[in-house]
Amino acid sequence: MVKSLTKTFTLEEFLKLPETKPSSEYINGQIIQKPMPQGKHSILQGELVSNINSVTKPQKIALAFPELRCTYPAGSRSSSVYGGRSIVPDIAVFAWEQILLDERGEVANVFKTSPDWTIEILSPDQSQTKVTGNILHCLKHGSRFGWLIDPDEHSVLVYPPKQQPELLQEEQEILPVPDLVNGFQLTVGQLFGWLKL
């Protein structure tokens, strides 16, 4: 069961709290802990990160990060009356030039921006509405594309920006991806084929 604390927090208060395992997210003043990833979730997440990076990393096009916290500070384009949002997409894909670096030129620990492509994998105890809300929030604040993968239904809801979502369930259907990762191609059947050993 997903834990939600009833007290309202500010984003600043939330960011001072220690990280939890699994991660907690800050949405509309509430702290909501994500469910513990299970087998199907973990396999799909690992395979997607590996396969996306095998196409995009050598050419320095983009990089896929698993479980990367993306924080939208108060005063950003966030619509939250509580001043911001801090979420942890299952996979956050950033265009190479959008990857934040620290003073040493290394990948930064804190990302205060939207991923170019946000991917969520639905867990059995997770609210589809909450997860969809996170994808829509990312799209509203700069993401180019979103996926919501449902391992139980073997379906993918694809969210292109400013377009109607598309549901893909047929094995032969090629999953649309942002232009950013044009060399990456995957069918519905290949995606869910990773669940079989």
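The values are calculated or read from the model by the stated rules, or taken from the named source; none is laboratory data. Note that this is a predicted model, so its numbers are computed, not measured. Protein only, heavy atoms only, side chains kept; ligands, DNA and RNA dropped before computing areas. Shrake-Rupley method; radii C 1.70, N 1.55, O 1.52, S 1.80 Å.
Pairs over the 22 Å Cα-Cα cut-off, from the set 34/130; 34/60; 60/162: 34/60; 60/162. What separates the Cα centres of region 1-62 and region 82-113 is a distance of 12 Å.
Protein heavy-atom surface of the chain, 1.4 angstrom probe: 52% of the accessible area is carbon and sulfur, with nucleic acids and ligands not counted. In this structure, the amide hydrogen of residue 25, modeled 1.01 Å from its nitrogen in the peptide plane, lies closer than 5 angstrom to those of 32, 33, 34, counting only residues at least 5 positions away or on a different chain.
Calculated accessible area for region 68-197 comes out at 50 Å² per residue, all protein chains present (probe 1.4 Å; ligands, DNA, RNA ignored).
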